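Before any comments, here is the structure.
Taken together, the values in this text are just the output of simple stated rules run on the coordinates, not laboratory data. Remember, predicted model here, so these are calculated numbers, not experimental data. Neighbour counts are summed over all protein chains in view; Cβ atoms, including those assigned to glycine, are modelled from backbone coordinates with ideal geometry.
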Amino acid sequence: MTSIPGALGLHHVGIVVDDLDAAMAQYALLGFQDPERFVMESQGIEAVTYRTGAGYVELIHPTDPEGPIARFLAKRGNTVHHMAMRVDDLEGTLARLAADGVRLIDASPRTGAHGWRIAFLHPESCNGVLIELVDDRQ
């Protein structure tokens, strides 16, 4: 796969952190402003997003000590968790990728941060990188 069908560019980069307040202080020193902070109980996370031009940086902290983000943090520490691509037709993109043999985590869209429609591709299909597809049209 050379590109994701229907991809419109990078949407955001998700970074797992063990201390959200400390990470926010570090990002403020780097000039990141106007954070939006929220809890997503369904995903076991608290997150902060920063608008960066056309995209976002997303800091993610686990709230569920047994959840997948907590396990990721325990195994890998503070680091990049995923890369998200903006798409214009999420269902169509998922169908095309599945037909091409790409392993999907989400066969159909679900609701993510900010009410965005999202779906994840399995890292095994993306050279070890977790890819999120995002349709952020409201």
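Ordering Leu94, Leu130 from the fewest to the most neighbouring beta carbons within 10 Å gives Leu130, Leu94.
Taking Cα atoms only, the orientation of helix 90-99 departs from the longest principal axis of the chain by about 60 degrees. Considering only beta bridges that DSSP places wholly inside the chain, some 75 percent are antiparallel.
Net charge of the neighbourhood of Phe38, taken over other residues with C-beta under 13 Å away and scored Lys/Arg +1, Asp/Glu -1, is -3.
Using a Gaussian network for the chain with springs between C-alpha atoms less than 10 Å apart, which of these wobbles most: Pro35, Pro68, Pro109? Highest fluctuation among the options: Pro68. Springs join every pair of Cα atoms under 10 Å in this Gaussian network model of the chain, and among Leu59, Leu29, Leu90 the largest mean-square fluctuation is at Leu29. Here the chain is assigned +1 on the Cβ of each Lys and Arg and -1 on the Cβ of each Asp and Glu. Its dipole about the Cα centre then comes out at about 300 debye. Mind telling me which of Gly44, Gly67, Gly53 comes out most flexible in a GNM of the chain, alpha-carbon contacts under 10 Å? Between Gly44, Gly67, Gly53, it is Gly53 that shows the largest mean-square fluctuation. Estimated purely from DSSP H runs of n ≥ 4, each contributing -39500 (n - 2.57), the mean residue ellipticity at 222 nm for the chain is -6000 deg cm²/dmol once divided by its residues.
In terms of surrounding Cβ atoms within a 10 Å radius of their Cβ, Val129, Val17 rank from fewest to most as Val129, Val17.
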